[in-house]
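Presented below is the structure to which this report refers.
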Amino acid sequence: MELFAEFLIIGSGIAGLRAAAELAGAGDILILTKAEPREGSTGYAQGGIAAAVGPDDSPELHAADTLAAGDGLCDERAVGVLVEEGPRYVRELMDWGAAFDRDPGGRPSLAIEGAHSVRRVLHAHDATGREIARTLWARASSLAGLTAYDHALAVELIVEDGRAIGACFLDEDGGASSAYAPAVLLATGGAGRVYRETTNPPVATGDGVAMAYRAGAAVVDMEFVQFHPTALQVAGQPRFLLSEALRGEGARLVNADGDAFMTRSEPGGDLAPRDRVSRAIVRESERTGHPVSLSLELLDPDFVHERFPLISDACRRAGLDLARDRVPVGPAAHYLMGGVATDVDGRTTLPGLFAAGEVACTGVHGANRLASNSLLEGLVFGARAGRAMRTSTPGGGSRPPVAAPRPARGGAPALLRAREIQDVMWREVGLFRDRAGLERALAAIEPAWRAVDAWIRDGGPLDADGWRTASLLTVGRLIARAALRREESRGAHYRSDYARRDDIHWRRRSRETMKLVNW
Ligand SMILES: Cc1cc2nc3c(=O)[nH]c(=O)nc-3n(C[C@H](O)[C@H](O)[C@H](O)COP(=O)(O)OP(=O)(O)OC[C@H]3O[C@@H](n4cnc5c(N)ncnc54)[C@H](O)[C@@H]3O)c2cc1C
């Protein structure tokens, strides 16, 4: 099958859908999404969306908190755009019907999360992402000229004369198809599934980063992966996220003796930055030989169940009462700060290719993301990318397809199994890193990556599982290489062998572009 449109959007989370809304009336829009239409991190986001809308808040204060969390590596221009334009886009979302919780005066009720200096997180109970996705899908469905294909797995970008002009994808039955458009947006979300322990849904395998890298676009800041401190740690249960908003409302981390150890481990206590809380949890578990738990026993049980219905349900399924029981928690990979390098209008280094949301790296998060800034990023930069795509099309209209498919050859490469990649990434490229461990990880990943990359470039066929493994290998390798290069600790990147931040040598962002040969 060959499809043609003016605009191709890959991914249907907050970034892809907000871009689609911006493209209304400018031409035919095609969305490819690899699973059910609403599957992706956006629908699982709990805590909320940050925006300076409170009476004691301002874009300047929001910027200061974002820059502090980013630990010296944020792109200040991108941060300025995020915090200045954020309130407008959040209000627009409310005008489109997003029902955020309200205070008794009818104003949006604002929560506080780690490293925010004031209450600024709008939320819809603990299912904020679901409410935003509902609103954006309603908006997108009303657009004339929009077609969405689900269970369409984009696998490769089509590049002609140095310009992205489309993508190859596999349909539900594994059939190969192509979609062509003069402007292509990657909105494929994050890559948490590169790790064994993650809060991310199964679709988060870093496909967008892998496709862009293979096509020659620059990727940046890949060493910066945020680990969330409080994922549910019950054997046989998924690593369900226990939002930071719980600690914002007064939940405490306690050890097996009930000691609230964060107050003596970290100046910021339970609401210290996520990477510091994560490492403190691991150290406390190692010190005591027992898991750490989240305790809400100081809070009113009715309030807890009313404010956090989704989390209460997940705990109930694990046989626990969120309000009364101590809930065992531990860190899990949560968010990729790095990604495909873009400017503030979503332009990548490859003409015709745009990126927005978690797959992109505007530099807004620097070395660590401020809680609840990522939904805002998807909204603001999704809209901006959509606007830039409207004006980017060379001559408008769709292009004819490129030449015949490349020849296939027999014998698929022996790939590492996904589980092996996830294990090695968790063990060696996780919360605590050092040279020896990172070299071990690369020794395992590099040969498998080289084999699959050569296979793909020679036109070798892969099924959906093979492409998934190729993404995990590509993204895992990029994270491990960047982590090995950066000989300091900063933000979410912690090197036990270089435990300090080193501004003299490392106050700079890391960038990698594939050298394309015979492409
Ligand atoms: C459990 C959880 C809770 C969170 N809570 C918050 C929060 O409270 N506040 C906050 O700001 N952030 C939160 N985050 C982070 C935030 O949800 C994400 O960063 C954000 O939603 C990403 O949006 P996106 O549009 O970039 O990607 P996503 O919403 O992940 O959407 C990606 C889309 O791309 C599709 N896709 C991926 N690969 C392909 C491919 N190869 N071909 C076709 N389609 C593809 C997916 O199917 C999906 O439709 C949370 C994340 C998780 C996992």
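The values are calculated or read from the model by the stated rules, or taken from the named source; none is laboratory data. Remember, predicted model here, so these are calculated numbers, not experimental data. Here the Cβ is made from the backbone with ideal geometry for all residues, glycine too, and neighbour counts use every protein chain on show. Surface areas here come from the heavy atoms of the whole protein model, side chains and all, with no ligands, DNA or RNA. Shrake-Rupley method; radii C 1.70, N 1.55, O 1.52, S 1.80 Å.
Checked against the criteria, Leu23 counts as more than 14 Å from the ligand (Cβ to nearest atom) and open to solvent by less than 10 Å² (accessible area, probe 1.4 Å). Looking only at region 300-324, count every residue that is outside any helix (DSSP H, G or I) and either open to solvent by less than 30 Å² (accessible area, probe 1.4 Å) or within 22 Å of Ala492 (Cβ to Cβ) (or both) and tell me the total. Qualifying residue count, region 300-324: 4. It is to be established whether one or more residues within region 450-459 are open to solvent by 30 Å² or more (accessible area, probe 1.4 Å), more than 21 Å from Ala341 (Cα to Cα), touching a Ser or Thr at 6+ places or on another chain (Cβ under 6 Å) and in contact (Cβ under 8 Å) with a residue 60 or more places away in the chain. Taking every residue of region 450-459 in turn, none turns out to be open to solvent by 30 Å² or more (accessible area, probe 1.4 Å), more than 21 Å from Ala341 (Cα to Cα), touching a Ser or Thr at 6+ places or on another chain (Cβ under 6 Å) and in contact (Cβ under 8 Å) with a residue 60 or more places away in the chain. Glu244 meets all of the listed conditions (1) within 12 Å of the ligand (Cβ to nearest atom); (2) open to solvent by less than 10 Å² (accessible area, probe 1.4 Å); (3) modelled with pLDDT of 95 or more but one, namely (3). Of the residues making up region 308-354, those that are farther than 20 Å from Val254 by Cβ and either small (Gly, Ala, Ser) or touching a helix residue (DSSP H, G or I) at 6+ places or on another chain (Cβ under 8 Å) (or both) number 18. Of all residues in region 96-148, those that are over 29 Å from Pro267 (Cβ atoms), touching a Ser or Thr at 6+ places or on another chain (Cβ under 7 Å) and not charged (D, E, K, R) total 7. For region 179-201, enumerate the residues that are more than 13 Å from the ligand (Cβ to nearest atom) and over 24 Å from the mean Cα position of the chain (by Cα). Scanning region 179-201 gives Tyr180, Ala181, Pro182. Look at Ala64 and say whether it is more than 20 Å from Tyr335 (Cβ to Cβ), more than 16 Å from the ligand (Cβ to nearest atom) and out of contact with any Gly (no Cβ under 8 Å at 6 or more places or on another chain). Answer is yes for this residue.
Could you please find all residues in region 478-498 being open to solvent by 10 Å² or more (accessible area, probe 1.4 Å) and in a helix (DSSP H, G or I)? Within region 478-498, Arg481, Leu484, Arg485 meet the criteria. Restricting attention to region 307-321, the residues that are within 28 Å of the chain's Cα centre (by Cα) and in contact (Cβ under 8 Å) with a residue 40 or more places away in the chain total 9. Of the residues making up region 152-169, at least one is open to solvent by 10 Å² or more (accessible area, probe 1.4 Å), more than 12 Å from the ligand (Cβ to nearest atom) and among the aliphatic types (A, V, I, L, M).
Cβ-Cβ contacts under 7 Å between residues 6 or more apart (or on different chains), taken from a first residue in region 114-132 that is without any contact (Cβ under 8 Å) to a residue 12 or more places away in the chain to a second residue that is surrounded by fewer than 23 Cβ atoms within 10 Å (Cβ to Cβ) and in a loop (DSSP other than H, G, I, E, B), are absent. Being open to solvent by 20 Å² or more (accessible area, probe 1.4 Å) and closer than 30 Å to Val429 by Cα is not true of Thr147. From the list Ala99, Ala63, which residue is open to solvent by 40 Å² or more (accessible area, probe 1.4 Å) and either among the aliphatic types (A, V, I, L, M) or not assigned by TED's automatic domain parsing to the domain that holds His365 (or both)? The match here is Ala99.
Return the residues of region 219-241 that are open to solvent by less than 10 Å² (accessible area, probe 1.4 Å) and part of a loop (DSSP other than H, G, I, E, B); say none if nothing qualifies. Residues satisfying the conditions are Asp221, Met222, Glu223, Phe224.
With the structure loaded, tell me whether Ala52 is within 17 Å of the chain's Cα centre (by Cα), over 19 Å from Ala356 (Cα atoms), more than 9 Å from the ligand (Cβ to nearest atom) and buried (at least 18 other Cβ atoms within 10 Å of the Cβ) or whether it fails that test. Criteria not met by Ala52.
Applying the criterion of at least 1 residues that are aliphatic (A, V, I, L, M) and out of contact with any Lys or Arg (no Cβ under 7 Å at 6 or more places or on another chain) to the helices (runs of 4 or more DSSP H) found wholly in region 27-131 leaves 59-69, 76-95. Do we find a residue being part of a loop (DSSP other than H, G, I, E, B), modelled with pLDDT under 95 and not aliphatic (A, V, I, L, M) anywhere in region 275-288? Scanning region 275-288, I find no residue that is part of a loop (DSSP other than H, G, I, E, B), modelled with pLDDT under 95 and not aliphatic (A, V, I, L, M), so the answer is no.
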